[in-house]
Amino acid sequence: MAQDFKPNMPTLDNFWMPFTANRQYKAAPRLLASAEGVYYTDIDGHKVLDSTAGLWCVNAGHGRRKIAEAVERQLRTLDFAPTFQMGHPIVFDFAEKLAANAPGGPNSTLDRIFFTGSGSESVDTALKIAIAYQRAIGRGSRTRFIGREKAYHGVGFGGISVGGLVNNRRAFPQIPADHLRHTLDIERNAFTKGLPLHGLELAEDLERLVALHGAETIAAVIVEPMAGSAGVILPPKGYLERIRAIADKYGILLIFDEVITGFGRLGAPFAADYFAVMPDLVTSAKGITNGAVPMGAVFAKRAIYEALMQGPDNQIELFHGYTYSGHPVACAAGIAALEIYQQEGLLTRASDLAEYWQNALHSLRGEPHIIDIRTLGLVGAVELAPRDNAPGTRAYEVFVDCLKRGLLIRVTGDTMAFSPPLIVEKEHIDTIVSVVADALRQVE
């Protein structure tokens, strides 16, 4: 439950904030003090409607007592135990429950679970599993990856290598990777309702990169089924199916990064279910614990796992892991979150609201500065025309104005992104649209 108190302003000097202009923020700090349901309460006691599910993660809404109680019980029972040469019951219990809800449904073979501490760790884990698998089946030359422009796959060295956001890549060395073109085509697809009609041909980039590098060098291709962090970029009709077919043709593994789309965001348990395209590996995090405790997981096909389970019994099959892989407290939070999703029908609720959500966001068409609107499930983006020589400033000003009006949105460049908790009601959607429209009318 949300706490009813107003904390004092903390000292802001010591925390180095991620992905934030620290000096700008600390000159005018924005502090959230508590949360319940679809609302935050800021440090001054004002309620703030959360249209971002925290950071794409609080799918069941804030302050869920069931999760808090599960975490408390686990802390009192077993606060930590290693999963190197040891185990503990709850990690196997959670893995079994996740496997039963894996992409593809109850009979899915994506049922081997490797736990991590975050989405970034999940991505780097999936990349390492892909290389290890190719080596295990006698294809040791396959060490290259194919990512996509405008993709976000976390901030590990593997993730920034396959990712396609320039600012994430330019400062750090990377592993061998090449990139498909992105699928954002505002000129041809602006204001499309549903999946874009144009852009299927972009999937043929994978054929081109195979011809350039040789299939014998490529371990896997990784894509977000729906790219979130770059501003809600949707796959054209048939695009994911074509990527799957080309990957199969050349023995390339297909990895879906579902850190954002996993656990009900599109109206199905996973985007793989929504699009009916099954990858070989799936990365997840965020909604896996409803954001309550950091955790991630990689779903691997059984055949990949079994290929690695060869050699002497005392051999470490995958030389990889983290101190907090399968942390017992995170597992407790994850089991409670999964039970909430199932009991309240949240893994599919977005499908019930998708049409209302789509029509509500598209009603903003014609408001100042808007050049595109995109929606899928309970995700949306409103793209603004950038100012000359000042990209990103217009959307940032809308973000600040919305916050003053009691609405939290997310901005990436000049794109406003929305991903409300899956418990959102129609009146909350109406408020989101109304506040955004008012804010747009105040911005030059």
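The values are calculated or read from the model by the stated rules, or taken from the named source; none is laboratory data. Quantities reported herein were computed from a predicted structural model and do not represent experimental measurements. Heads up, the Cβs are rebuilt from the backbone with ideal geometry, glycines too, and the neighbour counts pull from every protein chain shown. Heads up: the accessible areas ignore ligands, DNA and RNA and are worked out on the full protein's heavy atoms, side chains in. Shrake-Rupley method; radii C 1.70, N 1.55, O 1.52, S 1.80 Å.
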Pairs please, first residue from segment 349-376 and in a helix (DSSP H, G or I), second anywhere and among the acidic types (Asp, Glu) and surrounded by fewer than 15 Cβ atoms within 10 Å (Cβ to Cβ), Cβ atoms under 8 Å, 6+ apart in sequence or on different chains.
360/430
Could you say which residue among 112, 188, 135, 142 is within 26 Å of residue 305 (Cβ to Cβ) and either in contact with a His (Cβ under 8 Å, 6 or more places away or on another chain) or without any contact (Cβ under 8 Å) to a residue 24 or more places away in the chain (or both)?
135
Taking segment 316-332 only, how many residues are polar (S, T, N, Q) and either open to solvent by 80 Å² or more (accessible area, probe 1.4 Å) or in contact with a Pro (Cβ under 7 Å, 6 or more places away or on another chain) (or both)?
1
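Surrounded by 16 or more Cβ atoms within 10 Å (Cβ to Cβ), closer than 25 Å to residue 18 by Cα and touching a strand residue (DSSP E or B) at 6+ places or on another chain (Cβ under 7 Å): which single residue out of 223, 210 fits that description?
Details: 210 fails: closer than 25 Å to residue 18 by Cα.
Step by step, each of 223, 210 is checked, and only 223 is surrounded by 16 or more Cβ atoms within 10 Å (Cβ to Cβ), closer than 25 Å to residue 18 by Cα and touching a strand residue (DSSP E or B) at 6+ places or on another chain (Cβ under 7 Å).
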When the residues of segment 179-195 are filtered to those that are under 24 Å from residue 215 (Cα atoms) and open to solvent by 40 Å² or more (accessible area, probe 1.4 Å), which remaining residue is farthest from the chain's Cα centre (by Cα)?
181
Inspect all residues belonging to segment 52-59 and state whether any of them is open to solvent by less than 40 Å² (accessible area, probe 1.4 Å), in contact with a strand residue (DSSP E or B) (Cβ under 6 Å, 6 or more places away or on another chain), closer than 23 Å to residue 118 by Cβ and in contact (Cβ under 8 Å) with a residue 60 or more places away in the chain.
yes
Open to solvent by 40 Å² or more (accessible area, probe 1.4 Å) and either within 18 Å of the chain's Cα centre (by Cα) or over 25 Å from residue 36 (Cβ atoms) (or both): is that true of residue 394 in this structure?
no
Regarding residue 23, is this residue assigned to a helix (DSSP H, G or I), modelled with pLDDT under 95, open to solvent by 90 Å² or more (accessible area, probe 1.4 Å) and over 30 Å from residue 318 (Cβ atoms)?
yes
Taking the residues in segment 401-421 that are open to solvent by 10 Å² or more (accessible area, probe 1.4 Å) and assigned to a loop (DSSP other than H, G, I, E, B) as candidates, determine which candidate is nearest to residue 38 (Cα to Cα).
406
Go through (1) under 23 Å from residue 188 (Cα atoms); (2) in contact with a Lys or Arg (Cβ under 9 Å, 6 or more places away or on another chain); (3) free of Cβ contacts under 8 Å to residues at least 24 places away in the same chain; (4) not β-branched (Val, Ile, Thr) one by one and return the number of the condition residue 392 breaks.
(2)
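For the structure I just gave you, tell me whether residue 110 is under 20 Å from residue 265 (Cα atoms), open to solvent by less than 30 Å² (accessible area, probe 1.4 Å) and assigned to a strand (DSSP E or B).
It is false that residue 110 is under 20 Å from residue 265 (Cα atoms), open to solvent by less than 30 Å² (accessible area, probe 1.4 Å) and assigned to a strand (DSSP E or B).
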Would you check if residue 424 is within 21 Å of the chain's Cα centre (by Cα) and open to solvent by 20 Å² or more (accessible area, probe 1.4 Å)?
no
